[in-house]
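Enquirer: Could you have a look at this structure, given as structure tokens, before my questions?
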Amino acid sequence: MSQSGQVKALAVSGSLRKGSFNTAALRAAVELAPDGMSVEIADISQIPIYNEDVRQQGFPAPVQKFREQILAADALIFATPEYNYSVPGVLKNAIDWASRPPDQPFNGKPVGIMGATPSLWGTARAQYHLRQSCVFLNMLPINKPEVLIAQAAAKFNDQGQLTDATTRDVIRQFMTALRDWTLRLRAG
């Protein structure tokens, strides 16, 4: 946990693709974070497929690291693509691993959800499914503003930088809302 007035966020991309629009959106979120907020991007690429037999022998090192990062964060940010109207398996797998007992680290964490897609729908269905997992794990999502980046290829340049001014403004507002929500929850 960060000191009073500071918010440390952990960001997780649901895409492992090198040129991922969702990872690029998280880089933009880091850049657009308000004063008093820092953001670390987690790497979930090495988390194995969930297997309870493996978990009973202990958490694999990448899972343990991810759980520790979640625990140390004041807030979480998920950026999810939409696969078949839902959350991609790699993101769901990471959440499933991290949420296993003992002491699941998501409990009570403020969270923001965003998503980017080449399609017209902006990941709305995937974000809704992710919110359902957040409810079960007792995460506390912000509701507004929603970050639904549709037709993402037109909003990022070839270097993966977010160039669309409107989307940049929405992400700036989103980051400020997450910081403020986290501080509000902290104050009780």
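Enquirer: Within region 149-165, identify whether any single residue is aliphatic (A, V, I, L, M), surrounded by fewer than 17 Cβ atoms within 10 Å (Cβ to Cβ) and in contact with a Phe, Trp or Tyr (Cβ under 8 Å, 6 or more places away or on another chain), and answer yes or no.
Expert: Scanning region 149-165 turns up at least one residue that is aliphatic (A, V, I, L, M), surrounded by fewer than 17 Cβ atoms within 10 Å (Cβ to Cβ) and in contact with a Phe, Trp or Tyr (Cβ under 8 Å, 6 or more places away or on another chain).
Enquirer: Can you tell which of Ile113, Ile149 is β-branched (Val, Ile, Thr) and more than 20 Å from Asp43 (Cα to Cα)?
Expert: Sole residue among the options that is β-branched (Val, Ile, Thr) and more than 20 Å from Asp43 (Cα to Cα): Ile149.
Enquirer: So in region 124-148, with the set limited to residues that are charged (D, E, K, R) and farther than 30 Å from Pro101 by Cβ, which one is surrounded by the fewest Cβ atoms within 10 Å (Cβ to Cβ)?
Expert: Looking at residues that are charged (D, E, K, R) and farther than 30 Å from Pro101 by Cβ, I get Lys144.
Enquirer: Pull up region 101-145, narrow it to residues that are farther than 29 Å from Arg55 by Cβ and among the small types (Gly, Ala, Ser), then point me to the one that is nearest to the chain's Cα centre (by Cα).
Expert: By that ranking, first place goes to Ala116.
Enquirer: Report every pair of residues separated by at least 6 positions or lying on different chains whose Cβ atoms are under 8 Å apart, first residue within region 19-33 and over 9 Å from Leu162 (Cα atoms), second at pLDDT below 95 and part of a helix (DSSP H, G or I).
Expert: From residues that are over 9 Å from Leu162 (Cα atoms), there are no pairs.
Enquirer: Sticking with this one: May I ask you to say which residue of Asp53, Asp74 is touching a helix residue (DSSP H, G or I) at 6+ places or on another chain (Cβ under 7 Å) and over 22 Å from Lys155 (Cβ atoms)?
Expert: Selected residue: Asp74, the only one of Asp53, Asp74 that is touching a helix residue (DSSP H, G or I) at 6+ places or on another chain (Cβ under 7 Å) and over 22 Å from Lys155 (Cβ atoms).
Enquirer: Search region 68-97 for residues that are farther than 23 Å from Met37 by Cβ and pair each with any residue that is part of a strand (DSSP E or B) when their beta-carbon atoms are under 7 Å apart and the residues are at least 6 apart or on different chains.
Expert: Pro81/Gly115; Glu82/Gly115
Enquirer: Output the residues belonging to region 51-76 that are crowded, with 16+ Cβ neighbours inside 10 Å and either part of a loop (DSSP other than H, G, I, E, B) or β-branched (Val, Ile, Thr) (or both).
Expert: Listed by number, the residues that qualify are Phe59, Pro60, Val63, Ile70, Ala73, Asp74.
Enquirer: On the basis of being part of a loop (DSSP other than H, G, I, E, B) and in contact (Cβ under 8 Å) with a residue 12 or more places away in the chain, does Ser133 make the cut?
Expert: No: the conditions fail for Ser133.
Enquirer: Which is under 26 Å from Leu185 (Cβ atoms) and outside any loop (DSSP other than H, G, I, E, B), of Gly108, Gly115?
Expert: Gly115
Enquirer: Residue check: is Arg168 free of Cβ contacts under 8 Å to residues at least 24 places away in the same chain and among the basic types (Lys, Arg)?
Expert: No, not satisfied.
Enquirer: Being of a type in the set (Ser, Thr, Tyr) and under 23 Å from Leu71 (Cβ atoms) is the filter; apply it to region 18-46 and report the residue that is surrounded by the most Cβ atoms within 10 Å (Cβ to Cβ).
Expert: Only one residue fits best here, namely Thr23.
Enquirer: Yes or no: Ser15 in contact (Cβ under 8 Å) with a residue 12 or more places away in the chain, among the hydroxyl-bearing types (Ser, Thr, Tyr) and part of a loop (DSSP other than H, G, I, E, B)?
Expert: Details: in contact (Cβ under 8 Å) with a residue 12 or more places away in the chain: yes; among the hydroxyl-bearing types (Ser, Thr, Tyr): yes; part of a loop (DSSP other than H, G, I, E, B): yes.
Judged against the criteria, Ser15 is a match.
Enquirer: Within region 77-100, take every residue that is of a type in the set (Gly, Ala, Ser) and part of a helix (DSSP H, G or I) and give me the one that is nearest to the chain's Cα centre (by Cα).
Expert: Initial filter on region 77-100 (of a type in the set (Gly, Ala, Ser)): 79, 86, 89, 94, 98-99.
Subsequent filtering for residues that are part of a helix (DSSP H, G or I) retains 89, 94, 98.
On the way: Gly89: 14, Ala94: 11, Ala98: 13 Å.
Out of the qualifying residues, it is Ala94.
Enquirer: To continue, here is another question. Identify the single condition in (1) assigned to a loop (DSSP other than H, G, I, E, B); (2) surrounded by 15 or more Cβ atoms within 10 Å (Cβ to Cβ) that Trp121 does not satisfy, given that it satisfies every other one.
Expert: (2)
The values are calculated or read from the model by the stated rules, or taken from the named source; none is laboratory data. What you are looking at is a predicted structure, and each value in this text was computed from that prediction instead of being measured. Glycine also receives a Cβ, built like all others from the backbone with ideal geometry; neighbour counts cover every protein chain displayed.
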